[in-house]
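The structure under discussion appears below in the form of structure tokens.
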């Protein structure tokens, strides 16, 4: 982290961090909130999650921009978004009924992506899409302010990617600041959730990262929650998803990578097995090192941390052990979390089982992965270590 990491932070936030107390978060409880990202959004889903101890869900407003593209794209987008906001209003009533907070997630990238090999969100390249993004959040803030008993926060932008390439005209930081100020002109109480550049990955919190960008520093506003998405090691968590089933070779956790990652920011310890093959050991220590940049940021800033997504393929060998190691780290650090995902794609589902993505079926009994999540959902919540 840069030595002057506090620059831009408010005086109150700095004092809170130095005093060992978390910055104000508009009435959010000072303990862990745990739950899942929603695929299905019904009262039954809220009831079922409540019964197993969930206290947080992430409500995703998602569509591929290609479904809107064309001369009337803004009109079709507006109609779609109104439908999503109508459903959110229902979800808020269910969240209030069942004691579950809702993270409002803008999961759609206005304009899609630029057409370069290493592309960025188009809203960083074309002002009209940036304007549409900001206007969307103004609409959300006007409609849903005053619901801080249920709304956990406004998650501004899912997995942003601004590679600062030849097409981009603005920056992730500039757009986030503009949006925060627009929201705060309407709603001064609801926390705002910030996902860093680089797809909200742990590397996005590092001063150095895989894209060679300028690094990450906190934004100069109060009442922010910072969010990370954890899919590491990617070769393990996403195994088989983008392969033909006949080409799929299972990867184990704990286990070994097949080769060193040239983009590694941190040294992962001893490389190679006794047989001399190159690789890195995938285990809890590996995961701890992978997310250390987020922990460093938390310790310096005192920020509340949300793990907005984490998962492993439903058929990944040892996925229950992988989820347990992550949940233990989240509990140790006091991070809120949402498992990805509940009743969405079967490949992430803890209610399905099978040998690969093409042969997943509803499980006849609790899967080992489900047992791990249930154990942590039912635990007494850990007090948030926001400033330790």
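No value in this document is a laboratory result; all are computed from the given coordinates. On a predicted model such as this, the values are computed, not experimentally measured, just so you know. Neighbour counts are summed over all protein chains in view; Cβ atoms, including those assigned to glycine, are modelled from backbone coordinates with ideal geometry.
Points worth noting:
- Full-stretch length increase - residue 242, residue 66 - with 0.36 nm per residue and alpha-carbon distance subtracted: 61.3 nm
- Cβ-based exposure ranking for 378, 369, in which fewest neighbours within 10 Å come first: 378, 369
- Take 60-69, 174-183 and order them by the average number of nearby Cβ atoms within 10 Å per residue, most first; the result is 174-183, 60-69.
- Per-residue Cβ neighbour rank within 10 angstrom, fewest leading, 94, 80: 80, 94
- Ranked 280, 83, 73, criterion: other C-beta atoms within 10 Å, fewest first: 83, 73, 280
- Cα gyration tensor, the range 11-378 - rounded (a/c under 1.5), prolate or oblate: rounded
- Once the Cβ-Cβ distance of residue 258 and residue 285 is raised to the sixth power relative to R0 = 30 Å, the FRET efficiency obtained is 0.95.
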